[in-house]
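*Asks:* Okay, handing you the structure first.
All of the numbers you see were taken from the coordinates with simple rules; none came from a lab. As the structure is a prediction and not an experimental result, all values here were calculated from the model. We place every Cβ from the backbone using ideal geometry, glycine too, and count neighbours over all the protein chains shown.
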Amino acid sequence: SHATTLQLHAPLPELTLERGLRTCPVFSSLTSLVLGDWCMAADFYPLRRILHRSPKPKELSFKLEMEECRKCKELESSKT
């Protein structure tokens with residue numbers, strides 16, 4: 001692929017993503033990669049696979065959304 005920037009924001013079903021990543025092309029021109037928090041599985045497989053197929057990355061960005069822990073929120077409201 002001749003893509004220089006790859007941005008993956010929308011979640012895909014896990015099996016679909018893994019199947020697609022097994023056959024993903026070499027991103028020989030990719031210099032910028034932006035991933036959403038949905039890509040951050042415990043073993044970082046999506047990240048590792050894309051980086052393995054990208055020989056010259058220069059910029060890596062993560063778009064992480066922090067959600068409030070329901071349990072923490074419940075504990076906080078019970079104190080008042």
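*Asks:* Pull up all non-local amide H partners of F27: gap of 5 or more, or a different chain, and H-to-H distance under 5 Å with H placed in the peptide plane.
*Replies:* Amide H neighbours of F27: S54.
*Asks:* Still on this structure: Please sort 24-35, 51-62 by packing, taking for each peptide the average over its residues of neighbouring beta carbons within 10 angstrom, highest first. Please list the in-between numbers first.
*Replies:* Details: 24-35: 15.7, 51-62: 12.5.
Peptide ranking by packing, descending: 24-35, 51-62.
*Asks:* Okay, moving on. By counting other Cβ atoms within 10 Å of each Cβ, how are R49, R22 ranked from fewest to most?
*Replies:* R22, R49
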